[in-house]
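Student: First the structure, then my questions, so here it is.
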Amino acid sequence: MQSLMNDKMEVDMSVVSLIDNLKNGTGIKRSRAAAELGRLGDPSAGPALVEALNDANPTVRSNAAFSLAELGLKEAAPHLIRMLSDSDEWVRKSAAKGLGLLRAEEAVPHLEKLLEDDSDMVRRNARRSLEQIQGQ
C-alpha cells in the first residue's frame, strides 16, 4: 500500500514539474513536457495543455493537441477543432488525429473540410479520424 502511495506521489510531482516546464521552459522543454503529460495520463494537466495550444512554438502546440486526446478529455474537442485551422500542418495533423482518438462526432464537418488540405499527412489523418468516429 505504501508503495502505491509513493508511486502516486511521484507521478503527482512529475505532473507538477512538467506543467512548470510547459509554462516556463525553453522551446524544447515545453515541447517535451507537452508530450509527456499526455503519456502520464493525469487529467489535471488538461488546463495547462489547453493553454499550450496558444504557444508560439508549433511543436508545443502539436504535442499539446495530441496529449489532450491521450488524456481522453472529451471537453478538449472544441479546442482541437480550433487547431484544425492552425497554420502549421503538424498541428493540424495532431488535432485531427486527436479528434479521432476522442471519437468526437462534433468534429466530423471540420474533419471533412480537411480532406481538401494541402498536406497529404493532414488529409490522411483526417480520413482515419473520420473512419474512427464513424465506426468504419
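Student: Around Leu114, under 12 Å between beta carbons, what's the net of Lys plus Arg minus Asp minus Glu among the other residues?
Tutor: Net local charge, Leu114 excluded: +1.
Student: Okay, helix-only estimate at 222 nm for the chain: each DSSP H run of n ≥ 4 adds -39500 (n - 2.57), divide by all residues, round to 500 deg cm²/dmol; what do you get?
Tutor: Rounded to the nearest 500, it is -23000 deg cm²/dmol.
Student: Give the label of the value calculated from the structure for Cα extents along the principal axes in Å, choosing from (i) 62, 39, 26; (ii) 41, 33, 22; (iii) 51, 33, 20.
Tutor: Derived directly from the coordinates: (iii).
Student: Further question: Near Lys113, which lysines are there with a Cα under 28 Å away, not counting those fewer than 8 places off in the same chain?
Tutor: Once the sequence-local lysines are set aside, what remains near Lys113 is Lys74, Lys93, Lys97.
Student: Taking R0 as 25 Å, what's the FRET efficiency between Arg39 and Met121 from their Cβ-Cβ distance, rounded to 0.05?
Tutor: It comes out at approximately 0.70.
Student: Just add up the charged neighbours of Asn125: K/R +1, D/E -1, any other residue whose Cβ is under 11 Å from the Cβ of Asn125.
Tutor: Working: positive: Arg92, Lys93, Lys97, Arg123, Arg124, Arg127, Arg128; negative: Glu89, Asp117, Asp120, Glu131.
Combined, the nearby Lys, Arg, Asp and Glu give +3.
Student: Stretch Glu131-Ser14 to full length: gain in nm at 0.36 nm per residue minus the Cα-Cα span?
Tutor: Full-extension gain reported as 38.6 nm.
Student: About the Cα centre, and with charges only on the beta carbon of Lys, Arg (+1) and Asp, Glu (-1), how big is the dipole of the chain? Nearest 20 debye, please. Don't jump to the answer; show the numbers that get you there.
Tutor: On the way: 18 positive and 21 negative charges, 35 e Å.
Charge dipole of the chain: 160 debye, to the nearest 20.
Student: What GluC sites (Glu not before Pro) does segment 52-136 have in DSSP loop regions with at most 15 other beta carbons within 10 Å?
Tutor: Answer in residue order: Glu116.
No lab work stands behind these numbers, since they all come straight from the coordinates. Computed from a prediction, not measured in an experiment: that's the story for all the values here. Don't worry about glycine lacking a Cβ; one is built from the backbone with ideal geometry, like all the others, and counts go over all protein chains shown.
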